[in-house]
Structure formats: structure tokens, C-alpha cells
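K.L.:
My structure is below; once you've seen it, I'll send some questions.
Read the figures in this text as sums done on the coordinates, not as results from a lab. Remember, it's a predicted structure, so these values are computed and weren't measured experimentally. Here Cβ is always computed from backbone atoms with ideal geometry, including for glycine, and neighbour counts include all displayed protein chains.
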Amino acid sequence: MNSSSISLSDNWKCKSDYDNVGIKERWYIPKNYDQNDPNLLNLEIPMSFNTLSRFEVYEGIFWHFYEFEINRDNLDEYDFFKLNFEGSNYNTKVWLNGFFLGEHDGGFTPFYFNFKDHLNTSQNFIAVRTDNIRKNNRIPSISFDWFNWGGIYRDVSLEFVPRNRIKDIIIKTELESRRQALIEITFNVIGTLSIKWEILNSQQTKTLFKGNMEEISREGRISLTINNPKLWSPNNPYLYYLKISDSTADEILYESNFGVREIEIKGTSIYLNKKRIFMKGVSLHEELLPYGRTIPYEERVKDIRSMKKMGFNALRTAHYSHDESLIDIADKEGILILEEVPVYWACNFSGPKANETFKTAAKMMRNLIKRDINHPSVIWWSVGNEIPIERPWVSRFMKRLMQWTRMHDNTRIVTYVSMKLFSDLTRRYADVATINFYFGWYIASARLVSLMLDVMRTPAFNKPWIYTEFGAGAKYGFHADWEKQLKFSEERQLHVLDYSIRTFNAKKYLAGWFIWIYRDFRSFLRQNVHQQGFNRKGIVSEKNEKKLICKRFPQIMHEKRKLLNTKVLGIFLWIILYPLAYILTFLILDAGFIFGDNVRIEKMKKIEKKRLLDNSK
């Protein structure tokens, strides 16, 4: 028997818990729940509570209640009952009929609880307590540069799993050549099963391969060779279809699309399907107003198609995993995905809480890999962004996390994203070296970027480099003379991006670049007259209005600048600058925006709240 599921995407009753009294007053007990409570709000889950009036900047505790009926007598043939959450931020505690099912930390990966022992015969009551309060021991920690959407913002469902089943399906593809591919499908079996499997074409109209396996238990493996395979790539996102069925009951146990593709690193280049690939990418936060993170599927399709039309072939999902629907779309539309867990800025990398931080980060990465392992569009795992990597304990943390990641998936690029120009030696342990730096915006001129790349490349010269963040802010509709190029003008953004991209395209050891960012997004940290609570580095506004740079993309995507050869000068400068940079960044705390505290965050929230109130009058 196949799994059966019931969606709980429905109207839930909710209320805030400003004073943290819900657990003490036992709001999770059915007899304490009053659906006529005047404080209860109606919320269509999935949805963030920050989309509600009066809760736009709320960071705190929020309860969600749901009642449902189900006939337990019809579920005797099922062995495992799962209450699935695709995403809930940050700490989530769950009760069913007054019984505590468990809790989960982390806002961006799926989790579930077994509820079989606590399901009533008919009427049932779920209580979910979420809190998105910033804390030092969380990932991300107190200070981060995006909006802290809270609540149950992805799908929730009940799943009933049969006694005999398969799980943990992994589809690996490896190319002997572009004309021959090896496919290996592994899975775990619970109980005993006889199965039949099929691989069909993209339209699912023709069976290409099939087979049977009799009375298997514990582990199953399917291996085959495909001659003249249709390879998945951004230019040709061809998807095969795998179906595994129970031979005795003729019921589908598992079905999924997959792509035949291989990602490799050779020297300073990245190869997709034995061909060198240069990534021209853009980053994206999972946010679209007025939806918050609960973005409709059709809007995600529009985003990906818009990126492809502009000429991008890759997307960095910063700085956390986005909903799996976006990855499905990337598979179908053809865009490479760079995924990341939110080990971001200043986490607890040392002291008594460091091991707890590592366990949380490792669990996030394990869950992300488990969810997206079979998506051909996903080609790398990043274990963190802009951390103080020169500190020995941080370096050990990141090397350990990269090794953990490789243990769970050795078929993709494993790296982290650095903002250190000269003092990062840990890059040597990553598969790909990266840099986030905003020449021409926060510091100096974009004309320095070529020389600085040659300088910082010195200790990691034998691997590909990717410029993972660069850009400039621009308020949509704000223009200035070309001679002035005022900050936050569309002309200033165009100049910085234009000059940088043409430089990057000419660097042979660069394997790609990623503009920060596709769309403007909310951030408490950005409160000047042009930003007003938004990071304005998007190439489109928060309303998807295209800025001036979008008109230039058809030309600059392929243009190259003529560069001076500064390789030897770069090595010489690194030898001089490294000890100075190391001393300065190690002995003096990194920039205050990395080591922010609650006081500053609360101040920014008050500014944001006042601005929202003023705008509503």
C-alpha cells in the first residue's frame, strides 16, 4: 500500500503570546481551547504571521490551532503516522490532543513528528507554538541582513505510511562519456517488498528501461547504463521519470523526475557533463510582497523565467534553503542552483555552545541534502556565508562541516562563502574558492576588482574561483546624471555592475559570478532615505519593476574587458598584505554589522515600526 496524505493547508486559528504564558496556561490542552476567544485570528496556513496587520515587525511567540476529524479505524493497515512541516521559523513545538509530540530548531528545512500513539478516533486538536526570536545560540544568530519571517510559512500535512515501504531513495548519475551514463538508484526497504521499476521518457509516454526485484528487505539497488543519454543542462533541461511500484499490489511506492548530469572540477574550471561551464548568476531571497516567504508557485515560475530571459544560467538561494517548489521549477526550466545553510556572520563558533551550534548546522545540512539530493539543478552545498574565517576555531568548524557534508553527498561542490580578501587560508580546503566584496559600492572603485582578484587568489591559485556577491544599491525610479552617479541611483548601479561583469568575464580562473541580488528585500538594518527598510541592491524592485541595468544585460553578459596582467604583482601584494590583514581582523573585532546585538536590532525594529505606522496614516 502506498503512503496516503492529507493536506492541512487550511484556515487555522492563531494568536500571539507576547508574555510567554501559553505553555504555563496550557493552551495546548483541547479543553482550554475556546474557538470563540476574541483574541484568535484566522490565518490561511501556510502563511507568515508577519503578513498580518499589527504584526509586521513582530518577533516573538505565536500559537497556531487546528481541529480535524479522521476515522482511525480506516488506518489500521498503516504503520507510521507523520505530521509533516515543510518549513516553520524558528523554534516549533507541537502538541496533538494535549500530548507533546516534540520540537524542532531551524526555519528552512522540513521536519516531522510521529503522532500514531496520540490520534483520536474522530475529533483531533493540533497546537503549534512557534517563535522567531533572535538568540545567540540559533542559526542564524542575532544579527542578519534579511527579514525574520515567522510562523508556519510552508505546507503542513498528515502522512500515513504503510508497514512495507521504501525510503531514502538516492539517484546518482555518472558519465563515462557524453555518450554513456551510469545510473545507480539506491533505497532502503522497511519490511519486505517485491517491486517493479520503470524509467520513462520526459513525457512519460514511453518506457525506456524496466525491471523486477523479488522479496527484498533492508537495502535495494538498481544499476544500469544508458547509451546516448539526453543530458540535463540549463540549455536542455531534459528530465527522465522514475517509477517504483509494489509488484503484488500494483501500487506506486515512489515516483520522481530526475536528470542525467555530472558536475566536476578540473584545475581552475567547473565542468557540467564534460563541458566547461561559466556561471552567470544572481542571488535571491525567498520573499515577495505581500506573500512574504509563502510565494505562489506561478510567481516562482515567473522569477525563474525572467532570470533565464535576462541571460542568467545560475541562481544562488541565499542564505538558506528555499521551498522545494523552486527547485522543482529550476529542474524543469533549466537553471543551476547553489544552496546554502544559514551559518551566517557571528554564530557560536567557540565556547561551551560551539558543539551545539555544529550539531544544529549539521542537521540543517543533512536535512537539506536529504530533501534535494535527486534534483539535477542543485550543484553545490555551501556551509556558511561571511563568517570570521581567519579565527582558528571558526576555520576548524567550517572544515569539519564541509567534511560532514561530503560524507552525505560526494557528487556536488562543497564550499563556503567568504568575504575575506587576504586573510582566508581555509579556502584551500573548499572545492571552490569564493569571495563577497563590493568594490565600487562600499569601498574604492570597481576598477580595483581585477587586481584584487589576483591578490586574493594567491593562496588558493589551483582551484576555481566564483565571485559570489557584488553589486550596488539603486532605488527604482531614482536617476542621476552619468557624471554624478549618485549613490542609490540606477545609473550608479549600472556602472558598477557593467564594469564588474566585463572584468569577471575576462578572468580565466573565474568559474562564474553572482549579482547581489535579483529582487529588493526587507531588512531592518537598512533605514536611510533611499532604502526605508529594504536592501536596494536588487536588479528589480520589491514589486518586480526592472531597473536600468536590466536593459544592459543582453550586451554585458558576453562582453570582456582587456586586462593588464597583474598575476606577479598580485602574489607580491598578498605576501605584504596577508600578515597585516590577519592581525587587523584577528585582534580587532570584525565590522560591527557582523557582531550586532539585540540593542541595535531592537532600535532598527522601532524605526521600521514607526515608518510603517506613518505610511498607514
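K.L.:
Taking 0.36 nm per residue of separation and subtracting the Cα-Cα distance, what length does fully extending PHE278 through ASN615 add? Present the calculation step by step, with values, prior to reporting the outcome.
P.N.:
Working: separation 337, 0.36 × 337 = 121.32 nm, distance 4.43 nm.
Between PHE278 and ASN615, full extension yields an extra 116.9 nm.
K.L.:
State, to one decimal in nm, how far the label point of PHE461 lies from the label point of GLN35, with both points 7 Å from Cα in the Cβ direction.
P.N.:
Using points 7 Å along Cα→Cβ, the separation is 7.2 nm.
K.L.:
Find, among the trypsin sites (Lys or Arg not before Pro) in the range 1-53, those assigned to loop by DSSP (not H, G, I, E, B) with at most 16 other beta-carbon atoms within 10 angstrom.
P.N.:
Details: sites: LYS13, LYS15, LYS24, ARG26, LYS31; in loops: LYS24, ARG26.
For trypsin sites (Lys or Arg not before Pro) across the range 1-53 that sit outside H, G, I, E and B with at most 16 neighbouring Cβ atoms in 10 Å, the list reads LYS24, ARG26.
K.L.:
Per-residue ellipticity at 222 nm for the chain, helices alone: DSSP H runs ≥ 4 residues times -39500 (n - 2.57), over residue total, nearest 500 deg cm²/dmol? It would help to have the intermediate numbers written out before the result.
P.N.:
Numbers: 9 runs with 128 residues, N = 617.
Dividing the helical sum by the residues of the chain leaves -6500 deg cm²/dmol.
K.L.:
Still on this structure: Just to be sure I understand the rule: take each whole DSSP H helix in the chain, project its Cα atoms onto its long axis, keep it if the span is 18 Å or more and its mean Kyte-Doolittle hydropathy is at least 1.0. Which ones pass? Please list the in-between numbers first.
P.N.:
Details: long enough: 297-310 (20 Å, -1.49); 354-372 (27 Å, -0.83); 392-408 (25 Å, -0.74); 490-505 (22 Å, -0.84); 567-587 (29 Å, 2.01); 598-616 (27 Å, -1.27).
What comes out of the filter, once short or polar helices are dropped, is 567-587.
K.L.:
Length gain on complete extension for the stretch LYS332 to THR248, per 0.36 nm per residue less the alpha carbon to alpha carbon distance? Don't skip to the end; give the middle numbers.
P.N.:
Values: separation 84, 0.36 × 84 = 30.24 nm, distance 3.28 nm.
Taking 0.36 nm per residue and subtracting the Cα distance, the gain is 27.0 nm.
K.L.:
A follow-up question, please. Just going by the charge dipole of the chain, with Lys and Arg at +1 and Asp and Glu at -1 on Cβ, which of PHE100, VAL417, PRO342 is farthest out on the positive end?
P.N.:
Going by the charge dipole, the pick is VAL417.
K.L.:
Please state the relative contact order of the chain as a whole percent: Cα pairs under 8 Å, 6+ residues apart?
P.N.:
Values: 1373 pairs, mean separation 71.1, N = 617.
Relative contact order, the chain: 12 percent.
K.L.:
In whole Å, what are the Cα extents of the range 196-287 along the three principal axes, biggest one first?
P.N.:
50, 37, 31
K.L.:
With a 10 Å Cβ neighbour count serving as the proxy for reagent exposure, in which order, fewest first, do TYR271, TYR518 appear?
P.N.:
Fewest to most other Cβ atoms nearby, the residues stand as TYR271, TYR518.
K.L.:
Using label points projected 7 Å from each Cα along Cα→Cβ, tell me how many nm separate CYS550 and HIS408, to one decimal.
P.N.:
The two pseudo-label positions are separated by 3.6 nm.
K.L.:
Give a quick list of chymotrypsin sites (Phe, Trp or Tyr not before Pro) in the range 1-55 that DSSP marks as loop, anything other than H, G, I, E or B, with at most 12 other Cβ atoms within 10 Å.
P.N.:
Values: sites: TRP12, TYR18, TRP27, TYR28, TYR33, PHE49, PHE55; in loops: TYR18, TRP27, TYR28, TYR33, PHE55.
Answer by residue number: TYR18.
K.L.:
Right, something else. May I ask what percent, to the nearest 5, of DSSP beta bridges between residues of the chain are antiparallel? Intermediate results must be reported in sequence, preceding the final value.
P.N.:
Details: 98 of 130 bridges.
The antiparallel proportion sits near 75 percent.
K.L.:
Take peptides 481-492, 555-566, 84-95 and line them up by average Cβ neighbours within 10 Å, highest first, as a rough protection proxy.
P.N.:
Working: 481-492: 15.6, 555-566: 12.6, 84-95: 22.2.
Top to bottom by mean Cβ count within 10 Å: 84-95, 481-492, 555-566.
K.L.:
Classify the range 274-580 as rounded, prolate or oblate, taking a ≥ b ≥ c as the square roots of the eigenvalues of its Cα gyration tensor: rounded when a/c is under 1.5, otherwise prolate if a/b is larger than b/c and oblate if not.
P.N.:
Details: a/c = 1.44, a/b = 1.09, b/c = 1.32.
Rounded.
K.L.:
Now a separate question. With each pseudo-label sitting 7 Å past Cα toward Cβ, what's the GLU198-LYS24 distance in nm, one decimal?
P.N.:
Going from the GLU198 label point to the LYS24 one covers 6.1 nm.
K.L.:
For the modelled label position 7 Å from the Cα of LYS603 along Cα-to-Cβ, which residues of the range 506-534 have backbone nitrogen atoms closer than 14 Å?
P.N.:
Label zone hits: 525-528.
K.L.:
Work out, step by step, the length gained on full extension between ARG72 and VAL529: first 0.36 nm times the residue separation, then minus their alpha carbon distance; give nm to one decimal. Before the final figure, lay out each step's value.
P.N.:
Details: separation 457, 0.36 × 457 = 164.52 nm, distance 5.82 nm.
158.7 nm is the gain from fully extending ARG72 to VAL529.
K.L.:
May I ask what percent, to the nearest 5, of DSSP beta bridges between residues of the range 274-580 are antiparallel? Display every interim value, and only then the final one.
P.N.:
Working: 4 of 35 bridges.
In the range 274-580, approximately 10 percent of DSSP beta bridges are antiparallel ones.
K.L.:
Ok, one more. State, to one decimal in nm², a quarter of the convex hull surface area for the C-alpha atoms of the range 1-128, i.e. the direction-averaged projected area. Walk me through the intermediate numbers first.
P.N.:
On the way: hull surface 33.4 nm².
Hull-based average projected area comes out at 8.3 nm².
K.L.:
Please sort by residue number the GluC sites (Glu not before Pro) in the range 1-67 whose DSSP state is loop and whose Cβ has at most 12 other Cβ atoms within 10 Å. Intermediate results must be reported in sequence, preceding the final value.
P.N.:
Values: sites: GLU25, GLU44, GLU56, GLU59, GLU67; in loops: GLU25, GLU56, GLU59.
When the GluC sites (Glu not before Pro) of the range 1-67 are filtered for loop state and at most 12 Cβ neighbours within 10 Å, GLU25 remain.
K.L.:
For the chain, what's the radius of gyration and Dmax over Cα atoms, in angstrom?
P.N.:
Taking only Cα atoms of the chain, I get Rg and Dmax of 25.3, 77 Å.
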